[in-house]
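Below is one structure, written out as structure tokens, with a few remarks after it.
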Amino acid sequence: MPEYHAPLRDMRFVLHEVFAAGQLWARLPALAGTVDAETADAILEEAAKVTGELLAPLNRSGDEEGAHWDNGVVSTPAGFREAYATYIEGGWVGLAGNPAYGGLGMPKMLAVQFEEMLYSANTSFTLYSALTSGCCLALDAHASEELKQLYLPRLYSGEWAGTMCLTEAHAGSDLGLLRTRAEPQADGSYAISGSKIFITGGEQDLTANIVHLVLARLPDAPAGSKGISLFLVPKFLVGSDGALGARNSLSCGSLEHKMGIKASATCVMNFDGATGYLVGELHKGLAAMFTMMNYERLSIGIQGIGCAEASYQNAVAYARGRLQGRAPGGTQAPQKSADPLIVHPDVRRMLLTMKALTEGGRAFSTYVAQQLDLAKHAEDADERRRAEALVALLTPIAKAFFTDTGLESCIHGQQVFGGHGYIREWGQEQLVRDVRIAQIYEGTNGIQALDLLGRKVMANDGAALRLFAEEIRAFVDTPAAPRPFASELLSALERLESISTWLLEQAGKDPALVSAVAVEYLNLFGYVAYAYMWAHMAAVAQASRASNEAFYGAKLSTAQFYFSKLLPRIHSLDAVIRAGSAPLLELADDQF
Ligand SMILES: Cc1cc2nc3c(=O)[nH]c(=O)nc-3n(C[C@H](O)[C@H](O)[C@H](O)COP(=O)(O)OP(=O)(O)OC[C@H]3O[C@@H](n4cnc5c(N)ncnc54)[C@H](O)[C@@H]3O)c2cc1C
């Protein structure tokens with residue numbers, strides 16, 4: 001049976017040693033009295049118990065049983081209700097929520113470690129509350145005070161859950177096409193009518209109420225994405241005292257049958273004149289929804305890291321125990337019938353690829369979270385603006401690169417098991433199936449790449465990229481920058497800058513260029529960002545090596561592997577980008 005143990009030592013390494021989180025929190029007044037390094041470690045230890053002992057044991061049974069639909073009533077697999085009740089008793093849903101409405105106000109840098117544990121342990125279970133956290137963020141940023149007072153405390157407590165209702169059968173990546181209608185009512189509410197598909201947790205049996213955030217358009221709204229507004233539509237109407245009232249006119253038409261995350265209910269939701277309340281301004285719903293989508297994008301990125309970590313832990317254990325063949329350099333275990341798999345260089349290639357990508361991803365998710373904390377809490381307005389620009393630039397990379405490398409890692413993890421990786425009982429095939437969706441939902445990875453290159457790099461003439469590049473150069477110039485990794489990082493950065501300049505020059509001449517090369521560009525950027533993370537980690541490891549050779553020596557060997565075996569992927573990506581759009585456009589549509 002697969003097992004999961006939260007990588008606490010590694011999480012503490014990233015939080016405290018690489019990013020000195022405690023010092024940062026001490027200088028941000030909103031966090032100074034709330035959290036310090038010790039509190040964070042205590043929370044992570046508790047989180048490790050909850051994820052390892054409560055949620056991980058339900059992962060496989062949840063996958064085998066799946067969610068059920070019976071005439072509009074949805075039930076989660078056996079054990080989920082009890083686990084959810086225990087989970088919310090611990091106050092985990094509101095971990096990083098606004099304390100003014102019952103959240104615990106913990107920093108995002110801490111929350112991302114917990115999110116990773118959750119996805120490692122049980123992705124399907126996690127999705128029910130991940131959507132709630134994003135829903136809270138959107139309400140906190142855009143809803144009226146009345147709605148916030150009424151809904152946020154019950155969402156943060158986990159008593160109620162949130163959803164995100166964007167997608168319609170004919171409107172996926174292109175939300176401007178959506179047709180769900182919102183008719184203004186005399187009492188200031190709206191009657192919402194339309195059908196949404198693929199709604200995660202649209203109906204379930206875990207919470208007393210479900211709070212749907214629905215994108216819809218008024219009858220006189222302009223066409224396209226500028227005519228979309230955001231509405232809060234509860235499953236049960238809520239009285240001014242918070243008591244649940246009548247059932248709203250909405251229902252779950254069916255559940256999707258899907259490849260993975262089978263215990264997560266993916267619902268068709270029908271709204272038949274359901275009562276909804278405007279969130280934010282009319283016709284500016286998409287912008288308001290982006291508060292939730294950006295949160296969810298980082299979260300879904302972390303799904304990639306979490307699944308990869310779970311796959312890695314099982315693959316290492318298997319590679320140590322399974323005996324096949326002999327090591328190429330000579331027998332390692334003469335007393336046994338064969339050597340363990342872990343001696344074979346090709347198996348080590350797979351394990352090291354997983355390790356380097358997962359630890360690089362963990363560091364990068366913590367870095368993005370640090371920028372989110374600064375954007376929210378820094379006292380200095382310039383520091384806040386800088387952090388916001390970095391978050392905007394790096395969020396599409398986090399979402400797409402974490403999940404692309406997450407799938408790559410899970411496939412390596414499955415391959416380490418040979419045929420047994422294809423068999424259910426080992427859990428590796430479930431991880432491959434569960435992680436795959438993360439490349440698709442929350443905006444496909446292709447759409448993330450277009451966002452990065454078209455909007456975050458091209459649209460502001462590379463200004464945000466320059467900000468990130470300046471930071472890397474400043475790091476490379478410090479005496480602590482690790483050799484030889486710092487100079488390799490610098491050349492990788494120069495390649496990213498040079499290809500970005502080339503793209504800025506060429507895009508005006510070729511309207512198809514951005515769309516043709518955006519995915520390779522995002523990947524190239526991702527490898528450079530991870531090189532920055534690995535150089536940071538190597539700097540700490542070089543300085544601390546004498547105190548713990550096993551731990552810090554492993555960090556340096558993994559950094560060496562990253563720089564020599566993974567970072568060179570940027571050279572082929574660079575060549576593909578420079579090949580431009582022509583090779584994609586030569587074939588006529590009817591020649592496919
Ligand atoms: C299990 C699951 C859970 C989900 N949960 C939710 C949820 O909770 N709430 C919600 O609202 N939605 C949810 N979704 C929907 C999901 O976000 C969409 O499926 C996704 O955004 C893609 O939309 P689509 O499926 O319509 O694909 P399409 O938009 O039709 O895209 C098909 C392909 O074309 C590409 N493409 C599309 N447009 C362009 C373009 N302009 N340029 C280049 N390439 C393009 C895409 O990248 C993709 O590869 C979920 C989906 C699934 C499967």
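Some observations on this one:
- Put W534, W92, W426 in order of accessible area, highest first, and with a 1.4 Å probe you get W426, W92, W534.
- Here the relative contact order of the chain, from alpha carbon pairs under 8 Å that lie six or more residues apart, stands at 13 percent.
- Label separation (A575 vs D205): 5.7 nm, computed from points 7 Å beyond Cα along the C-beta direction.
- Rounded to whole Å, sorted largest first: equivalent-ellipsoid semi-axes of the range 290-578, Cα gyration tensor: 34, 22, 18
- Kirkwood hydrodynamic radius (C-alpha pairs) into Stokes-Einstein, the chain, 10 °C and 1.306 mPa s, D in µm²/s: 64 µm²/s
- Mean separation of Cα contacts under 8 Å, 6 or more apart, over the residue count of the range 290-578: relative contact order %: 21 percent
- Gap separating the Cα centres of the range 223-246 and the range 460-507, nearest whole Å: 45 Å
- Projecting the Cα atoms of L489, H377, L431 onto the charge dipole of the chain, computed from C-beta unit charges around the Cα centre, puts L489 farthest toward the positive end.
- Length-normalised contact order of the range 105-174 in % [C-alpha pairs under 8 Å, at least 6 apart]: 31 percent
- Less than 5 angstrom separates the built amide H of T200 from those of M164, C267, all sequence-distant by 5 or more or on a different chain.
- Here L244 and L282 are evaluated by their C-beta separation; at R0 = 35 Å the FRET efficiency comes out at 0.80.
- Modelled label positions at Q506 and R385, each set 7 Å beyond Cα in the direction of Cβ, lie 3.3 nm from each other.
- Positive-pole candidate from P334, L452, A464, dipole of the range 290-578, charges at beta carbon: P334
- Within the chain: Cβ-based charge dipole about Cα centre, in debye rounded to nearest 20 (Lys, Arg +1; Asp, Glu -1): 1060 debye
- Packing, as the average of other Cβ atoms within 10 Å across residues, places the peptides 144-157, 337-350, 189-202 in the order 189-202, 144-157, 337-350, highest first.
- Separation of alpha-carbon centers, the range 256-329 and the range 28-81, rounded to whole Å: 14 Å
- Taken as entire DSSP H runs, the helices of the chain that both span 27 Å or more between Cα atoms along their own long axis and average 0.5 or more on the Kyte-Doolittle scale are 123-142, 513-544.
- Only the Cβ atoms of Lys and Arg (+1) and of Asp and Glu (-1) were treated as charged; on that basis the dipole of the range 290-578 about its Cα centre amounts to roughly 900 debye.
- Segment S487-S557, extension gain: residue separation times 0.36 nm, minus the distance between their alpha carbons: 23.5 nm
- Between N71 and E145, the FRET efficiency estimated from the beta carbon spacing at R0 = 30 angstrom works out to 0.20.
- Options A400, Y521, F563, ranked by Cα towards positive dipole end of the range 290-578, top entry (Cβ charges): F563
The values are calculated or read from the model by the stated rules, or taken from the named source; none is laboratory data. If you're wondering where the values come from, they're calculated on a predicted model, not measured in any experiment. Ideal geometry is used to build each Cβ from the backbone, glycine not excepted, and the neighbour counts take in all protein chains shown. We work out accessible area using only protein heavy atoms, side chains counted, and drop any ligands, DNA or RNA first. Shrake-Rupley method; radii C 1.70, N 1.55, O 1.52, S 1.80 Å.
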